Every structure is written in C-alpha cells, then in structure tokens.
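Below is one structure; the comments refer to it alone.
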Amino acid sequence: MNKLYYENTFLLNMTQHLMLNSCFINDMSLYHGKMGIVLSFAHYARYTGETIYEEFADELLGELINDINDEVPINFENGLCGIGWGIEHLIENGFIKGNSDEILVEIDNKIMEWDISRIKDRSIKSGLAGLYHYVSKRINSTNNHRIVAPFDEKYIRGWNDINIFFTQQNDVTILLNTTGNTPGNNLFYEWELGIKDGCAGYLLNIIFNKRSYQNKNKYI
C-alpha cells in the first residue's frame, strides 16, 4: 500500500468519523466544539472542492446559532468571543453570506457588559487577549452595510484607557495556534473532535500547510 493511498484513506475515514459525531456534541466553542469544526469543514470544502463538506458546515453552523444561550461564557476558548470571531471569519472569507452586524449584535452587546478594566487575565483563551481579537475583528469587519459601529464610544474608550498592547495576528496564525498538538497516534476515533488537539485541528493543519491552497486565499 503506497503512502498517498494510505493518507487519502485515513483522511476520508477521519472526516467521516468527524461528520458522524459532530452533531452529537453539546459544546459550541471555537477550541473544543462545533464552531471550530464548522471552520475546519468550510476550509476543507474549499480545499477539496467537495460540496458535501460545505453543506455539512452550513448545517452544523445553523445548529450552533440556534443553541446559543445566556449560559454560554464570554471567553475566546469556550465562549461567545470565539464563536463570534468564527462567524465573522466565515463571512469575510466568503464561506457564508450575511450581515455580521445583524448576526452578532447580541454577542456584541453581551461582551460590552464586561468591565475590561477589572480583568486581570491577559490570556487569549480566557482573558483580555481573546476579547481583543474579537473586538478588533468586529471593528475591522469587511461588512459593507455598516450603519452603526458594533461597539459604543464608551466601550472603545475603555480599551484606550487600559493602555494594553496586544499583537494583531492574522486568522490563520490564530487558528493554527488554537489547534494545539497533533495527536500522537493514528487512532482518530480516540481523538478529540474539535480544533484543540483533535480531528478538526488535524484538518486545518493539513490545509494551511498546502501552498496551493494558501495562494488562492486572500487572508493567508
């Protein structure tokens, strides 16, 4: 059995495993749940040209949006910042159509309830850095129908007042930093499903390391 055949068979079996099991998870997050899996399949559909993956990503995204509730935390790893960041990424890169200001207005309002001057955690997963990446992405949205800014002036002044600098990262860097470690064995049915140390992250690492894919995507 040649290496290419094995790799293609492995990927096919893994993606089928991921599709079969993703609908049964309750986690909606970017790192561990449905949002990360949606991003992986959206990119994989573009990478392979297979519409079945695009259709699956759309279906899973619909489930995710319907399930968002007040109990979802704010942070980037497990909560609204990561979910909203993912939706904005899908829109600005042409995976889905829609007005992000309308789709994300409730998330924006929820995030403005956080008093950023009192947050001591500076991490991307659970603290200010993750919040910054979401807020920055929303402010710099490619939304051409914007009438009102997503955050009010008082909230933006709050960021200026705390005088903390975070390095702006492009989407691919953020996603690849999110994927964590590639699982150390080929028993994909034992892996996590999400981006972090899981099947979805394995897909993203394959996609973003292919130069042919990188050259045809504006955000690389």
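Counting just the residues of segment 170-191 that are under 19 Å from the mean Cα position of the chain (by Cα) and among the aliphatic types (A, V, I, L, M), which one comes out most open to solvent (accessible area, probe 1.4 Å)?
By that ranking, first place goes to L176.
Looking at E55, E92, can you tell me which residue is under 15 Å from the mean Cα position of the chain (by Cα) and either open to solvent by less than 60 Å² (accessible area, probe 1.4 Å) or of a type outside the set (A, V, I, L, M, F, W, C) (or both)?
Testing whether each residue is under 15 Å from the mean Cα position of the chain (by Cα) and either open to solvent by less than 60 Å² (accessible area, probe 1.4 Å) or of a type outside the set (A, V, I, L, M, F, W, C) (or both) leaves just E92.
Quick check on segment 59-78: of everything there that is among the acidic types (D, E) and more than 18 Å from L204 (Cβ to Cβ), which residue is surrounded by the most Cβ atoms within 10 Å (Cβ to Cβ)?
Applying the filter and picking the extreme gives E59.
Quick check: is even one residue across segment 148-169 part of a helix (DSSP H, G or I), of a type in the set (A, V, I, L, M) and open to solvent by 70 Å² or more (accessible area, probe 1.4 Å)?
The answer is no, given that none of the residues of segment 148-169 is part of a helix (DSSP H, G or I), of a type in the set (A, V, I, L, M) and open to solvent by 70 Å² or more (accessible area, probe 1.4 Å).
Tell me which of these C81 doesn't satisfy, since it passes every other one: (1) over 23 Å from K125 (Cβ atoms); (2) open to solvent by less than 10 Å² (accessible area, probe 1.4 Å).
Failing condition for C81: (1).
The values are calculated or read from the model by the stated rules, or taken from the named source; none is laboratory data. In this text, all values refer to a predicted model and were calculated from it rather than measured experimentally. Cβ: placed from backbone, ideal geometry, glycine included. Neighbour counts: every protein chain shown. In case anyone asks, the SASA skips ligands and DNA or RNA and just uses the protein heavy atoms, side chains included. Shrake-Rupley method; radii C 1.70, N 1.55, O 1.52, S 1.80 Å.
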